[in-house]
Amino acid sequence: MRIQLSLLSALATLAFVAAPLTAQQTDKPKPQDTEVWEPVPKVVTPGATNAAPPSDAIILFDGKNLDEWVSVQDKSPAKWVVGDGILTVSKAPGSGNIETKRTFKNYQLHIEWRIPENITGSDQARGNSGVFLASTGPGDAGYELQVLDSYNNKTYVNGQAGSIYKQGIPLANPNRKPGEWQTYDVVWTAPTFNDDGSVKTPAYVTVFFNGVLVQNHFELKGETLYIGKPFYKKYDTAPIKLQAHGDHSEPISFRNIWVRELP
């Protein structure tokens with residue numbers, strides 16, 4: 001009798017243990033559990049080179065005209081100089097900064113620029129310009145990615161080429177010498193705001209300078225200012241602006257400017 005009871009007890013224990021093992025085997029993860037099939041990403045045809053615009057890009061300057069640009073000060077047609085496929089800053093009185101007719105929020109930007117081979121001056125007065133990733137008003141209002149001759153030209157490091165002006169020091173200095181073309185590839189994530197104007201999420205920027213990462217998802221503290229501490233002011237979408245700096249060095253040039261809007 002005792003043998004039969006012991007046998008029954010052992011069988012009951014085995015059954016108790018086997019039940020969760022069977023459940024575990026049934027619930028074993030499968031590859032299909034983590035496969036996502038929808039939505040399917042849109043097809044984008046890349047350019048012939050990494051610098052060429054892909055199929056979904058908006059061409060802001062292709063060497064032909066300034067149809068996509070206006071003067072910042074009065075929204076009249078942009079007065080910079082176009083020739084031989086190149087856009088050159090005009091420092092003539094009344095020319096000033098230019099900005100895109102279109103406004104943008106989040107985007108990928110490609111832009112090429114060149115310091116003239118005969119550049120003169122030093123520090124901030126040597127090939128100074130800027131790419132304003134969001135132009136929020138007249139003059140230099142907005143968020144500036146600095147353009148400068150930083151090839152053997154000493155200046156404050158949060159104001160050299162590749163810096164987010166007065167905020168983000170570049171992670172490296174990959175400048176080419178004057179006379180050679182330089183490239184910025186930028187991913188801009190615009191700030192968002194609450195109804196009362198307070199910041200919901202800050203702005204972020206990633207910048208590759210001549211193929212070298214110089215800003216790695218950098219968080220901005222607000223608009224870039226020459227004097228004072230940065231601050232945010234509410235906006236939704238904004239133009240991209242190029243700066244005609246007031247220094248007396250020879251004017252710089254741009255080419256091959258395109259943008260891809262991002263969600």
_Within the chain, what whole-number % of the accessible surface is contributed by carbon and sulfur, with the 1.4 Å probe and all protein chains included in the calculation?_
57
*Just from its helices, what would the mean residue ellipticity at 222 nm be for the chain, if runs of 4 or more DSSP H residues each count -39500 (n - 2.57) and the sum is divided by every residue, rounded to the nearest 500 deg cm²/dmol?*
-3500 deg cm²/dmol
*For the chain, give the magnitude of the charge dipole about the Cα centre (Cβ charges: +1 Lys/Arg, -1 Asp/Glu; no others), in debye to the nearest 20.*
440
*Could you state the angle between the C-alpha long axis of helix 2-26 and the longest principal axis of the C-alpha atoms of the chain, as a value from 0 to 90 degrees rounded to the nearest 10?*
20
*Dipole axis of the chain (+1 Lys, Arg; -1 Asp, Glu on Cβ), positive-most option in PRO239, GLN160, ILE86*: GLN160
*Of the peptides 135-146, 30-41, 51-62, how do they stack up when ordered by the mean number of other Cβ atoms within 10 Å, highest first?*
135-146, 51-62, 30-41
_If you count only protein heavy atoms with a 1.4 Å probe, what accessible area per residue comes out for segment 112-171, rounded to a whole Å²?_
35
*Counted charge near THR100, where neighbours are those whose Cβ lies closer than 10 Å (Asp, Glu -1; Lys, Arg +1)*: +1
*asked:* What is the sum of charges, Lys and Arg at +1 and Asp and Glu at -1, for the other residues whose Cβ falls under 11 Å from the Cβ of ILE257?
replied: -2
*Excluding residues fewer than 8 places away in the same chain, name every one of the lysines whose C-alpha is closer than 18 Å to that of LYS105.*
LYS200, LYS221, LYS233, LYS234, LYS241
*asked:* Net charge around TYR165, counting only other residues with Cβ within less than 10 Å of its Cβ (Lys, Arg = +1; Asp, Glu = -1)?
replied: -2
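The values are calculated or read from the model by the stated rules, or taken from the named source; none is laboratory data. Because the structure is predicted, anything quoted here is derived from the model rather than measured. In this analysis, Cβ positions are derived from the backbone assuming ideal geometry, glycine residues included, and neighbour counts consider all displayed protein chains. Heads up: the accessible areas ignore ligands, DNA and RNA and are worked out on the full protein's heavy atoms, side chains in. Shrake-Rupley method; radii C 1.70, N 1.55, O 1.52, S 1.80 Å.
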